[in-house]
Amino acid sequence: MVKEKSLEILLRIQPRSSRDEIAGIHDGRLKIKVAAPPVDGKANERLISFIAKTFGVAKSGVEIVRGKNSKLKTLRVFGLDEEAYNELLSKYR
């Protein structure tokens, strides 16, 4: 059986932004702004939707591995390899 490729991504989240966007690299982490507030998991839900759309994967393929209640998070994205991730990041460096 072939395992699906996945990649862990280190993030810094800024909730309550005016819009959802990638805001560059901050202290070695990808900085993501999300419009939702950090209340009742709304910012996490918005983050998962944004990451799924950005990387072209299903929402079910994005999971928060560490930091559910923190601005510093680690996500695992299934169906994403390091080459595709680095290609996208090159736009923000």
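In the stretch 50-61, the residues that are closer than 10 Å to residue 77 by Cβ reach residues that are surrounded by 13 or more Cβ atoms within 10 Å (Cβ to Cβ) and among the hydroxyl-bearing types (Ser, Thr, Tyr) with C-beta atoms within less than 9 angstrom, at least six apart or across chains, in these pairs: 55/85; 61/6. Return a yes/no flag: does the stretch 4-12 have any residue that is in a loop (DSSP other than H, G, I, E, B) and surrounded by 15 or more Cβ atoms within 10 Å (Cβ to Cβ). Checking the stretch 4-12: not a single residue is in a loop (DSSP other than H, G, I, E, B) and surrounded by 15 or more Cβ atoms within 10 Å (Cβ to Cβ).
Just one of the listed residues (49, 70) is outside any strand (DSSP E or B) and touching a Lys or Arg at 6+ places or on another chain (Cβ under 7 Å), namely 49.
Could you tell me which residue of the stretch 13-38 is surrounded by the most Cβ atoms within 10 Å (Cβ to Cβ), considering only residues that are in a loop (DSSP other than H, G, I, E, B) and on the phi > 0 side of the Ramachandran plot? The selected residue is 16. When we screen 35, 23, 43 for residues that are of a type in the set (Gly, Ala, Ser) and touching an Asp or Glu at 6+ places or on another chain (Cβ under 7 Å), the only hit is 35. Residue 43 meets each of the listed conditions (1) of a type in the set (Gly, Ala, Ser); (2) touching a residue at least 24 places away in the same chain (Cβ under 8 Å); (3) surrounded by 17 or more Cβ atoms within 10 Å (Cβ to Cβ); (4) not in a helix (DSSP H, G or I) apart from (4).
Is it fair to say residue 87 is without any contact (Cβ under 8 Å) to a residue 40 or more places away in the chain, charged (D, E, K, R) and either surrounded by 16 or more Cβ atoms within 10 Å (Cβ to Cβ) or over 20 Å from residue 14 (Cα atoms) (or both)? Even if it seems obvious, please write down each step before you answer.
Numbers: without any contact (Cβ under 8 Å) to a residue 40 or more places away in the chain: yes; charged (D, E, K, R): yes; either surrounded by 16 or more Cβ atoms within 10 Å (Cβ to Cβ) or over 20 Å from residue 14 (Cα atoms) (or both): yes.
Against the criterion (without any contact (Cβ under 8 Å) to a residue 40 or more places away in the chain, charged (D, E, K, R) and either surrounded by 16 or more Cβ atoms within 10 Å (Cβ to Cβ) or over 20 Å from residue 14 (Cα atoms) (or both)), residue 87 qualifies.
Values quoted throughout were computed directly from the atomic coordinates according to the rules given, and no laboratory measurement underlies them. The structure presented is a predicted model; accordingly, all values stated were derived computationally and were not measured. A quick note on method: Cβ atoms are made from the backbone with ideal geometry, for glycine too, and the neighbour counts reach across all protein chains shown.
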